[in-house]
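Note sheet for the following structure.
The values are calculated or read from the model by the stated rules, or taken from the named source; none is laboratory data. Please read these numbers as outputs of a predicted model, since none were measured by experiment. A quick note on method: Cβ atoms are made from the backbone with ideal geometry, for glycine too, and the neighbour counts reach across all protein chains shown.
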């Protein structure tokens, strides 16, 4: 009983610290607890894979300090971080509660500390309470800090275009960073055990490493908390439009400060690069010089309906592929298409596949509205080339012929994107 208490208490204390970092929308304790338990269970396959890897590499390399370090970098670090990552991807990542970037750090810490608690039981049972302080002060928070790298990568992946392997590469990069730091931490402790360095030097290097990682994670966490979509409401857009007489931008319905003429409602055309309202008939933005004539990507990189954003030179960049019958749009990470813009509502709109062979965009009561070709709409059937605006975020709809049919509404979502289809 004492061993169990000594194993759990430091992990719970560290978990509370990470949980309190999420100031504006703290994660449900039930979801945190399940993720913690999954992290603990992840030690079982980790031990199996570690044992196989150690057996194979030890047979190839023999017994030496160098082979031990290679095992740490090639087996232990990658395997343990992969198992903790699995614990989050299997459950919390698919939950609607995972809806802002800092959640990657919180749920990563929950899985990692569950993993660390299970390790504590094994180590304390074998070596006794003498290692309690080392585990509680260094190893336990170390697990959580390493996991923050792939936790932040999970959050970034949700905000990227769902094109090719872009999201998978982002997550893999975070996992490799965590695995490298994990292995480096273990290698430093190993150097102390083998008396390659004085214990004082090892402790000093490990402490500096942990402080550097802690500072990095804390800076990222504070930045994401400050920009949390739950911190404040949606920024309301002012009604601005260019004066039809002198071209000076002013407030719709008021007199132009340049010439005194009343400014009518804008025609809905905006520069794709700087967002400034445009007068009818112009082909180049008078503010930044960007082309206002969209140039389709040639050849298209996808054969499915998708949204593109316009680059300053007029070329198109894929923003999101409409690869399911219902696609939700908003600035929180529980949407399929995440738009990081303060003028976009948390749950702004959705695209719904229509039997006529196209998508309908439906506004979900957003603050700044959904616009199609400059007109505010509640819902609208889209055609190729239509301009769509969510708040001030603008896209062009490209309706390309499908190479594969859409799955039926209500069927399981793609494995590559585990977020639930509404």
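Here are some notes:
- Qualifying residue in the stretch 35-42 (condition: within 18 Å of residue 142 (Cα to Cα), under 18 Å from the mean Cα position of the chain (by Cα) and not assigned by TED's automatic domain parsing to the domain that holds residue 346): yes
- If you go through the stretch 325-353 and keep only what is part of a loop (DSSP other than H, G, I, E, B), over 15 Å from the mean Cα position of the chain (by Cα) and buried (at least 22 other Cβ atoms within 10 Å of the Cβ), you end up with 344, 345, 348.
- Among the residues of the stretch 83-100, those identified as touching a helix residue (DSSP H, G or I) at 6+ places or on another chain (Cβ under 8 Å) and not in a helix (DSSP H, G or I) are 91, 95, 97, 98, 100.
- Meets criteria (touching a strand residue (DSSP E or B) at 6+ places or on another chain (Cβ under 8 Å) and over 17 Å from residue 224 (Cβ atoms)) for residue 161: yes
- Which numbered condition residue 246 fails, given (1) at pLDDT below 75; (2) assigned to a loop (DSSP other than H, G, I, E, B); (3) surrounded by 13 or more Cβ atoms within 10 Å (Cβ to Cβ): (1)
- The lone criterion from (1) in a loop (DSSP other than H, G, I, E, B); (2) farther than 22 Å from residue 229 by Cα left unmet by residue 380 is number (1).
- Leading residue by the ranking (nearest to the chain's Cα centre (by Cα)) among those in the stretch 154-186 that are under 27 Å from residue 106 (Cβ atoms) and outside any helix (DSSP H, G or I): 160
- Scanning the stretch 185-205 for residues that are surrounded by 14 or more Cβ atoms within 10 Å (Cβ to Cβ) and modelled with pLDDT of 85 or more turns up 185, 186, 187, 188, 189, 190, 191, 202, 203, 205.
- Test: residue in the stretch 187-198 that is within 30 Å of residue 101 (Cα to Cα), in contact with a helix residue (DSSP H, G or I) (Cβ under 8 Å, 6 or more places away or on another chain) and part of a helix (DSSP H, G or I): no
- Condition broken by residue 123, with the remaining ones in (1) surrounded by fewer than 16 Cβ atoms within 10 Å (Cβ to Cβ); (2) part of a helix (DSSP H, G or I); (3) at pLDDT below 90 satisfied: (1)
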